[in-house]
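Asks: A single structure is presented below for examination.
Read-outs: derived from the displayed coordinates by stated rules, not from any lab. Source: prediction; values computed, not measured. Don't worry about glycine lacking a Cβ; one is built from the backbone with ideal geometry, like all the others, and counts go over all protein chains shown.
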Amino acid sequence: MSNLVNVNGVDNLPTPSDYQPDIEILENSTRNALGTLLREIIAYKIKLNCKWNYMTREQYQVLQQIRKMKSFECTYYDVEADHTKTITCYCGPVKGTPLKADESGVLEWINISANFIEY
């Protein structure tokens, strides 16, 4: 795996400039009448927070296409397991700032971010 994050084998998505894997805890928690915490862990899910400093129009378009997918396979490096893992994800909102444009549209993007969230 040449990139920290690979999506469905997409070749045109660059390696993130900033990559922060998180463990999201899905839980059902409440307190009883005595104030004791009653915590039920339902699941642990991975959330890959990715940022890119720069993308071409074509790379940004690929990221927008990934955003529209209902689900996709994402391979990433899992530090806890000390090897790569593949999970089924969906993509959170894609945000970016246009840098350079011409009459055909935006050519370059900066400060791009997206989260890949495990189903």
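Asks: Quick one: angle between helix 57-68 and the longest Cα principal axis of the chain, in degrees between 0 and 90, rounded to 10, please.
Replies: Result, in degrees: 30.
Asks: K100 versus N28, label points 7 Å from Cα toward the beta carbon: distance in nm?
Replies: It is 5.4 nm.
Asks: What lysines sit close enough to K51 to cross-link, taking a C-alpha to C-alpha distance under 17 Å and skipping anything fewer than 8 places away on the same chain?
Replies: Here the lysines satisfying the reach criterion relative to K51 are K95.
Asks: Using the crude model of +1 on Lys and Arg Cβ and -1 on Asp and Glu Cβ, and no other charge, please compute the dipole size for the chain relative to its Cα centre, in debye to 20.
Replies: 380 debye
Asks: Give the aspartates and glutamates reachable from K45 as a straight Cα distance under 15 Å; neighbours fewer than 8 places away on the same chain don't count.
Replies: D22, E24, E27, E73, D78, E80, E118
Asks: Report, ordered by chain and residue number, the aspartates and glutamates lying within cross-link reach of K100, taken as a straight Cα distance under 16 Å and ignoring same-chain residues fewer than 8 apart.
Replies: Hits, sequence-local ones excluded: E58, E108.
Asks: Name the most mobile residue of E73, E58, E27, meaning the one with the largest mean-square fluctuation, in a Gaussian network model of the chain with Cα contacts below 10 Å.
Replies: Maximum fluctuation in the GNM of the chain, among the listed residues, is at E27.
Asks: Provide the packing ranking of 9-18, 75-84, 32-41, 106-115, i.e. peptides ordered by the mean count of other C-beta atoms within 10 Å per residue, highest first.
Replies: 106-115, 9-18, 75-84, 32-41
Asks: What percent do you get for the relative contact order of the chain when only Cα pairs under 8 Å and 6+ apart count?
Replies: Averaging sequence separation for qualifying contacts and normalising by length gives 26 percent for the chain.
Asks: Helix-derived [θ] at 222 nm for the chain: sum -39500 (n - 2.57) over DSSP H runs of at least 4, divide by residue count, nearest 500?
Replies: Rounded to the nearest 500, the figure is -3000 deg cm²/dmol.
Asks: Towards the positive end of the charge dipole of the chain, with charges on Cβ (+1 Lys, Arg; -1 Asp, Glu), say which of G92, Q20, Y76 has the farthest Cα.
Replies: G92
Asks: Can I ask one more? Quickly work out the S113-to-Q61 label distance, labels modelled 7 Å from Cα along the C-beta direction, and quote it in nm with one decimal.
Replies: 2.6 nm
Asks: Also: Select from Y54, Y44, Y90 the residue whose mean-square fluctuation is largest in a Gaussian network model of the chain (Cα-Cα springs shorter than 10 Å).
Replies: Y44
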